[in-house]
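The values are calculated or read from the model by the stated rules, or taken from the named source; none is laboratory data. Source: prediction; values computed, not measured. Backbone-built Cβ (ideal geometry, glycine too); neighbour counts: all protein chains shown.
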């Protein structure tokens, strides 16, 4: 029996604000977005449009070359403990996936800089359409998604549970993680997600950073008491 068979867990982690220290799409819009992206953001916050429609419109407003994009991404920091968390998970035989409503190119570039380029990434697809023009495709969207997201995290989690029979430990931080946290077998939560889990009685453990999450990991996947 392999160690993965013994633990029976898979980890799915959000990216923006969880692995990365800031929302990378927001930094791109602030630096390269043409006028109109903030109006889309406001409409999304008022609940007038879903996150998929919002981001699709915002990505179309990005005015940047690929070289400018890559140089910008080279300045984005991730949680310094995340690589150690991935190593610890692998030592327990637990696979780690990145599940994000962000942009795949962005995530893979940043992870690749930290030797984590082989991690599976489920995210919206960033497609270059011109010298300084881009579009967003959403191969992981679902018509049943309650948030109308480009990537339905609930569907990704359910697919993992059904295909591998694994329990899913979800790691997240904010509103895009609210729906999926209620479907996970256990949640590592920070920021706004802690209060959401407490309010809705979702099994979770607060964490501050991935060094802290690493210390909690063995207790969770080996079904020991989490303290």
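Given the structure, is residue 187 in contact with a strand residue (DSSP E or B) (Cβ under 9 Å, 6 or more places away or on another chain) and not in a helix (DSSP H, G or I)? Against the criterion (in contact with a strand residue (DSSP E or B) (Cβ under 9 Å, 6 or more places away or on another chain) and not in a helix (DSSP H, G or I)), residue 187 qualifies. Among the residues of segment 196-226, those identified as touching a residue at least 60 places away in the same chain (Cβ under 8 Å) and in contact with a strand residue (DSSP E or B) (Cβ under 7 Å, 6 or more places away or on another chain) are 213, 220, 221.
I'd like to know if segment 140-148 contains one or more residues that are without any contact (Cβ under 8 Å) to a residue 60 or more places away in the chain, under 21 Å from residue 24 (Cβ atoms) and more than 16 Å from the chain's Cα centre (by Cα). Checking segment 140-148: not a single residue is without any contact (Cβ under 8 Å) to a residue 60 or more places away in the chain, under 21 Å from residue 24 (Cβ atoms) and more than 16 Å from the chain's Cα centre (by Cα). Going by the conditions given, is residue 18 touching a residue at least 60 places away in the same chain (Cβ under 8 Å), buried (at least 20 other Cβ atoms within 10 Å of the Cβ) and part of a helix (DSSP H, G or I)? No, not satisfied. Taken over segment 25-81, the criterion of being out of contact with any helix residue (DSSP H, G or I) (no Cβ under 7 Å at 6 or more places or on another chain), part of a loop (DSSP other than H, G, I, E, B), modelled with pLDDT of 95 or more and surrounded by 16 or more Cβ atoms within 10 Å (Cβ to Cβ) is satisfied by 60 alone.
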